[in-house]
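Here's the structure we're looking at; comments come further down.
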Amino acid sequence: MIGYLPMGREERRRMLASVGVDLDKLFDMIPECDRCMVDEYEALPDKGMKEMEVVEHVQALADKNLNTVKYDCYLGAGYYDHYQPSAVKHIINRSEFLTSYTPYQAEISQGTLQAYFEWQSYITRLTGLPIANAGLYDAASGAAEAVLLACRDKRRYKVFVSGGIHPETLETVQTYCHAAGIEVVIGDVDENGQQTVYPDKKNEFACFMIQSPNYFGIVEDLDLLVAKAHAVNALAVVSADPVSLAMLKRPGDAGVDVAIGEAQSLGIPTSYGGPGIGYMAVTKKLMRKMPGRICGQTVDRDGKTCYVLTIQAREQHIRRERATSNICTSQALIATAATIWLALQGGSGLLDVAEQSAAKAIYLEKKLTASGYFKLVYDKPYFREFLIEAKDGVDLEKLNKALLEENIIGGLIVDGNKLLIAVTEKKTKDQLDRYAEAMLRLCDAQGGK
Amino acid sequence: MSRYKDTPLIFELATCHEGSRYIRPLDVPKPDFAEWFGDAYREGKPNIPDVDEVSVVRHFTNLSAKNYHVEVGTYPLGSCTMKYNPKVNEDMAALTGFAATHPMQPDETVQGNLEMLYHLEKLLNDVTGMTAHTFQPAAGAHGEFAGILLIKAYHEDRGDMKRDTIIVPDAAHGTNPATAAMAGYKVREVKSNEYGTVDLESLEAALGDDVAGLMLTNPNTLGLYDGNIEKITSMIHECGGLCYYDGANMNAIMMHARPGDMGFDCVHWNVHKTLSTPHGGGGPGAGPVGCNKLLEPYLPRPIVAKKDDMYYLDYDRPKSFGMIRSFVGTFGVLVRTYAYMLTNGAEGLYEVSEGAVANSTYLRERLKDYYHIPYDTPSMHEFVMTSEWQKKESGCNTLDIVKRLIDYGFHPPTVYFPLVVSEAIMIEPTETETWRDLDALADAFIKIAEEAKEDPELLKGAPRYTPIARPDETAAARDPILAG
């Protein structure tokens, strides 16, 4: 028997013969001309490997990477390394959560369904908006879905998007919009790194979208967004990091219509960029226009409280080409992991994580800018990530390469002479001191002063 | 007493604690955040209860007990390919060397990740008969979107702007027309013929210079292989359109037939179906998309490339249609995919599909005297039967039959799909069921057919041993309660 097949060919042959079918004629419906005639494949080996060999081979590949457990890493830019308590992975590795399907059969999926419901509840509590869905692929595609939602709601084909959003989110929004025939107008952030200038033409844009904290780490003014958007009859959309919402004004409280964001920051491993999960929360008015799975509470035939997938008349399996989206996947297991993370941390823990991340980012920034080699690009409050500009003569590429020798993966180089540095609660004061010391020492060595 | 515990919402389990149990105490000065953030600052604790760890663990463990899953038994959901998910693949994805890498790390620090993806692309090329793959799509429907965007980018690049229509068969998954609409296309439906495959006359009538392409799955949602497939793809090509293969049913044909050889220009995978990565209760999956040379220039950014001995992410793709998510793809899921393909090799994948078709065929043969089967031609990895006979005899419909199946310890098949068959029951056992498992499922279905005649109330009152039964879905949708 091969791999994970429970039957060999002979047993298969006997089984089929018992109902009068010939194994050798099983694929006769495929005409000769369609048959796969390849003798030797370019990469696919004829024979499979045994489990032991697979483990050795795959482990060897993993070992070729520099990982962020061994290396002290300062990368963020949309993906953040927050601590995941051990209990999270133990629970989501239970096959009841891991190996079940989308909960179409409510009677035997109440575990998954209640987890969906609790996830939606947490998202409404974090964002201050009353309605959330079960999850989207990630923040970037979530932003695109938010824009499409706004265009459906306003019946307009033009949107305004801040230049302060993550560049890959922007590119994703542009790709979706190009496909749907929607025009994207991109705004410039001001000298403080914030989106303060908005279009003032009435009834032209379906929505204004910003990100907060934005790509440069800067906290945006949600009140201004809402005032400007609503003044011209556009929806206010924000991509907001869920950890930051522990201490920052909630989108719903500011009057935002749609909040989306990347919830990988709720303790999900960075895993080279996926899987993560996008969340989406909206006002009550937009509920039936939302994309994605939605779980609702109801009662069963005996009056018992239970949960089901609901408002499905929006979805592709019913509405086909008139659906709100083609999406089926809700990143359910990742949503469940994030839900368990929030349950374990609680409000106190979440606030602690947020405060420590911000405090440590501020501590590191002050150390780096005090040296004279770096200055803050934007003088506005940031959350756990900041952008600094290197003095002339400092070569950041060389600097980051030298840091690797000291087991440090430095910040992200932006526009050649700027560094985007992310700090989470996982960093210790010693690590931050060491990073700052190494940066300044290497700057000295480059003769930047 | 029910064997299921009541599980009030997590919010009802509130206790109180100070700070996080899990992270070390703050070791740098704490700034005055009210001053730092100014107007944007929110005073006080988030509106999220603190709960002790043991209560959280018990809560979610009690919730998990209310789920059916692949590791307790057969999960014959048609079109969903609920096969066994090898345990070792979970360990591989969780290796620190993979899980603790950041998407923005410089290429030279993630050579292992890139080598894995580079090699995986070649493996996927071999099975599909394509020349390149993108890993961007996060799931099957996302892959469909990428496939249609490739076709759109091709036509636009040639300045052929009149093509505004995608052809979709009536038996297609709902995601196909929904995807075409998202990509800005009109949808033109073609009918199935009496054999359940594409009606060539209906297709001929749908052709024209406004056709951008075709979306088709083969075998289709009835589990039927379309013997005219090469004719169909060349008809589309002759009118200037391109052909997209919906990979939902790849589990039927691996190493037996390839979309590239059938004449398709691009194809998506559902690795969570065909290549055994776990479904997770609704994701995460991954939907790599393959294409031929014609469409390669339009693939989304970045693609994985190699120069000399170094692997790198190539963003310099002037004709690329852009991005449809951030970063390279659902990497953790792709590690599982890679391990699965290595374990099987070409011979293994050949037998995977043989096993899938054999198991489905066996079940169909065992059930055909008890349930109406609308298309009496050989089917592949899945087949569709209906409750027509039971409905006439005793008023028991498809829902009653499958709810009764739950009483016998099985997950129901997919029901009321495809839409071209009324009261459809769509069964896909997959290759990872034993002969014994298949017999147990067949016996249960046969018993239910007898019960429908003798005691229909047994079906109408099902399920009986579940935490809840027959929820009021109408009430749920009318006055939605979506958060607690």
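Say whether the condition of being closer than 30 Å to A:Ile210 by Cα and either surrounded by 24 or more Cβ atoms within 10 Å (Cβ to Cβ) or more than 7 Å from every other protein chain (Cβ to nearest Cβ) (or both) is met by at least one residue in segment A:96-105.
no
Can you tell me which residue in segment A:320-341 is modelled with the lowest pLDDT, limited to those that are outside any helix (DSSP H, G or I), surrounded by fewer than 24 Cβ atoms within 10 Å (Cβ to Cβ) and within 7 Å of chain B (Cβ to nearest Cβ)?
Of segment A:320-341, the ones outside any helix (DSSP H, G or I) are A:323-331.
Among the residues that remain, those that are also surrounded by fewer than 24 Cβ atoms within 10 Å (Cβ to Cβ) are: A:323-324, A:328.
Within this subset, residues satisfying the condition of being within 7 Å of chain B (Cβ to nearest Cβ) are A:323, A:328.
Values: A:Ala323: 90, A:Cys328: 93.
Top of the filtered list is A:Ala323.
Give B:Glu431, B:Glu454, B:Glu423 a once-over and let me know the one that is closer than 25 Å to B:Ser192 by Cα and modelled with pLDDT of 95 or more. Can you show your working first?
Details: B:Glu431 fails: closer than 25 Å to B:Ser192 by Cα; B:Glu454 fails: closer than 25 Å to B:Ser192 by Cα.
Residue meeting the stated conditions: B:Glu423.
Please state which of the following conditions B:Lys122 fails to meet, knowing it meets all the rest: (1) within 10 Å of another protein chain (Cβ to nearest Cβ); (2) surrounded by 24 or more Cβ atoms within 10 Å (Cβ to Cβ).
(2)
Which one is surrounded by the most Cβ atoms within 10 Å (Cβ to Cβ) among residues in segment B:452-470 that are under 30 Å from the mean Cα position of the chain (by Cα) and not hydrophobic (A, V, I, L, M, F, W, C)?
B:Pro467
What are the residues in segment B:57-84 that are more than 7 Å from chain A (Cβ to nearest Cβ), of a type in the set (Lys, Arg) and either closer than 30 Å to A:Leu344 by Cα or not in a loop (DSSP other than H, G, I, E, B) (or both), if any?
Across segment B:57-84, the qualifying residue is only B:Arg58.
State whether one or more residues within segment A:267-281 are without any contact (Cβ under 8 Å) to a residue 24 or more places away in the chain and under 19 Å from A:Gln84 (Cα atoms).
yes
For every residue, the table says whether it meets (1) in a loop (DSSP other than H, G, I, E, B); (2) of a type in the set (Gly, Ala, Ser).
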site	(1), (2)
B:Lys403	no, no
B:Ile406	no, no
B:Leu419	yes, no
B:Met426	no, no
B:Thr430	yes, no
B:Ala440	no, yes
B:Ile446	no, no
B:Thr466	yes, no
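Could you list, in sequence order, all residues of segment B:203-240 that are in a loop (DSSP other than H, G, I, E, B) and more than 24 Å from the chain's Cα centre (by Cα)? Talk me through it step by step, then tell me what you get.
Step one: list which residues in segment B:203-240 are in a loop (DSSP other than H, G, I, E, B), which gives B:207-210, B:217-228, B:239-240.
If the condition is that a residue be in a loop (DSSP other than H, G, I, E, B) and more than 24 Å from the chain's Cα centre (by Cα), then B:Leu207, B:Gly208, B:Asp209, B:Asp210, B:Gly227, B:Asn228, B:Cys239, B:Gly240 are the ones that fit.
I need every pair where a residue in segment B:426-446 that is under 16 Å from B:Gly409 (Cβ atoms) has its Cβ under 7 Å from the Cβ of a residue that is basic (Lys, Arg) and assigned to a helix (DSSP H, G or I), sequence separation at least 6 or different chains.
B:Ala442/B:Arg366
Just checking, does segment A:47-65 include any residue being part of a loop (DSSP other than H, G, I, E, B), loosely packed, with under 12 Cβ neighbours inside 10 Å, modelled with pLDDT of 95 or more and at the interface with chain B (Cβ under 7 Å from one of its Cβ atoms)?
yes
Identify, by number, the condition in (1) surrounded by fewer than 24 Cβ atoms within 10 Å (Cβ to Cβ); (2) in contact with a Leu (Cβ under 8 Å, 6 or more places away or on another chain) that B:Asp308 doesn't meet.
Of everything listed in (1) surrounded by fewer than 24 Cβ atoms within 10 Å (Cβ to Cβ); (2) in contact with a Leu (Cβ under 8 Å, 6 or more places away or on another chain), B:Asp308 misses just condition (2).
Pull up segment B:297-320, narrow it to residues that are in a loop (DSSP other than H, G, I, E, B) and more than 24 Å from the chain's Cα centre (by Cα), then point me to the one that is nearest to A:Gln174 (Cα to Cα).
B:Ser320
With respect to A:Ala313, determine if the residue is surrounded by fewer than 23 Cβ atoms within 10 Å (Cβ to Cβ) and among the small types (Gly, Ala, Ser).
Numbers: surrounded by fewer than 23 Cβ atoms within 10 Å (Cβ to Cβ): yes; among the small types (Gly, Ala, Ser): yes.
When the stated conditions are applied, A:Ala313 passes them.
Out of the residues in segment A:118-164 meeting the condition of being away from chain B (no Cβ under 11 Å) and in a loop (DSSP other than H, G, I, E, B), tell me which one is surrounded by the fewest Cβ atoms within 10 Å (Cβ to Cβ). Step through it out loud before you land on a result.
Keep residues of segment A:118-164 that are away from chain B (no Cβ under 11 Å), which gives A:146-147, A:149-156, A:158-164.
When the remaining residues are screened for being in a loop (DSSP other than H, G, I, E, B), the result is A:155-156, A:163-164.
Values: A:Arg155: 7, A:Arg156: 18, A:Gly163: 14, A:Gly164: 24.
Here the answer is A:Arg155.
Taking segment A:72-95 on its own, how many of its residues are at the interface with chain B (Cβ under 8 Å from one of its Cβ atoms), of a type in the set (Ser, Thr, Tyr) and assigned to a loop (DSSP other than H, G, I, E, B)?
Residues in segment A:72-95 being at the interface with chain B (Cβ under 8 Å from one of its Cβ atoms), of a type in the set (Ser, Thr, Tyr) and assigned to a loop (DSSP other than H, G, I, E, B): 2 in total.
If you go through segment B:394-404 one residue at a time, do you hit one that is among the basic types (Lys, Arg) and within 20 Å of A:Leu309 (Cβ to Cβ)? I'd like the intermediate steps shown before the answer.
Of all residues in segment B:394-404, those among the basic types (Lys, Arg) come to B:403-404.
Now drop any that are not within 20 Å of A:Leu309 (Cβ to Cβ), which leaves B:403.
Yes: segment B:394-404 contains one or more residues that are among the basic types (Lys, Arg) and within 20 Å of A:Leu309 (Cβ to Cβ).
For segment B:187-202: of the residues being outside any loop (DSSP other than H, G, I, E, B) and either assigned by TED's automatic domain parsing to the domain that holds B:Met380 or small (Gly, Ala, Ser) (or both), which is nearest to the chain's Cα centre (by Cα)?
Looking at the filtered set, the residue picked out is B:Ser192.
Take B:Met130 and decide whether it is farther than 30 Å from B:Lys307 by Cα, aliphatic (A, V, I, L, M) and surrounded by 23 or more Cβ atoms within 10 Å (Cβ to Cβ).
No, not satisfied.
Regarding segment A:312-319, can at least one residue be identified that is among the acidic types (Asp, Glu), under 18 Å from A:Phe117 (Cβ atoms) and either more than 24 Å from the chain's Cα centre (by Cα) or in a strand (DSSP E or B) (or both)?
Checking segment A:312-319: not a single residue is among the acidic types (Asp, Glu), under 18 Å from A:Phe117 (Cβ atoms) and either more than 24 Å from the chain's Cα centre (by Cα) or in a strand (DSSP E or B) (or both).
Given B:Gly213, B:Gly184, B:Gly260, B:Gly240, which one is buried (at least 24 other Cβ atoms within 10 Å of the Cβ) and not assigned by TED's automatic domain parsing to the domain that holds B:Glu428?
Of B:Gly213, B:Gly184, B:Gly260, B:Gly240, the one residue that is buried (at least 24 other Cβ atoms within 10 Å of the Cβ) and not assigned by TED's automatic domain parsing to the domain that holds B:Glu428 is B:Gly213.
Are any of the residues in segment A:286-299 of a type outside the set (Gly, Ala, Ser), over 22 Å from A:Ile92 (Cα atoms) and without any contact (Cβ under 8 Å) to a residue 24 or more places away in the chain? Give the steps one after another, and end with the answer.
First, the residues of segment A:286-299 that are of a type outside the set (Gly, Ala, Ser): A:286-291, A:293-295, A:297-299.
Now restrict to residues that are over 22 Å from A:Ile92 (Cα atoms): A:286-291, A:297-299.
Still in the list and also without any contact (Cβ under 8 Å) to a residue 24 or more places away in the chain: A:298-299.
Yes - at least one qualifying residue is present in segment A:286-299.
So is B:Val384 outside any helix (DSSP H, G or I), more than 7 Å from chain A (Cβ to nearest Cβ) and either closer than 30 Å to B:Pro467 by Cβ or touching a residue at least 60 places away in the same chain (Cβ under 8 Å) (or both) or not?
Taking the combined requirement at face value, the residue satisfies it.
Being within 30 Å of B:Gly97 (Cα to Cα), more than 7 Å from every other protein chain (Cβ to nearest Cβ) and assigned to a loop (DSSP other than H, G, I, E, B) narrows it down to one of A:Gly261, A:Gly267, so name that one. Don't jump to the end; show me each part of the working.
Details: A:Gly261 fails: assigned to a loop (DSSP other than H, G, I, E, B).
Going through A:Gly261, A:Gly267 in turn, the sole match is A:Gly267.
The values are calculated or read from the model by the stated rules, or taken from the named source; none is laboratory data. Small disclaimer: the values here were computed from a predicted structure and weren't measured. Cβ coordinates were reconstructed from backbone atoms using ideal geometry, including for glycine residues, and neighbour counts include every protein chain displayed.
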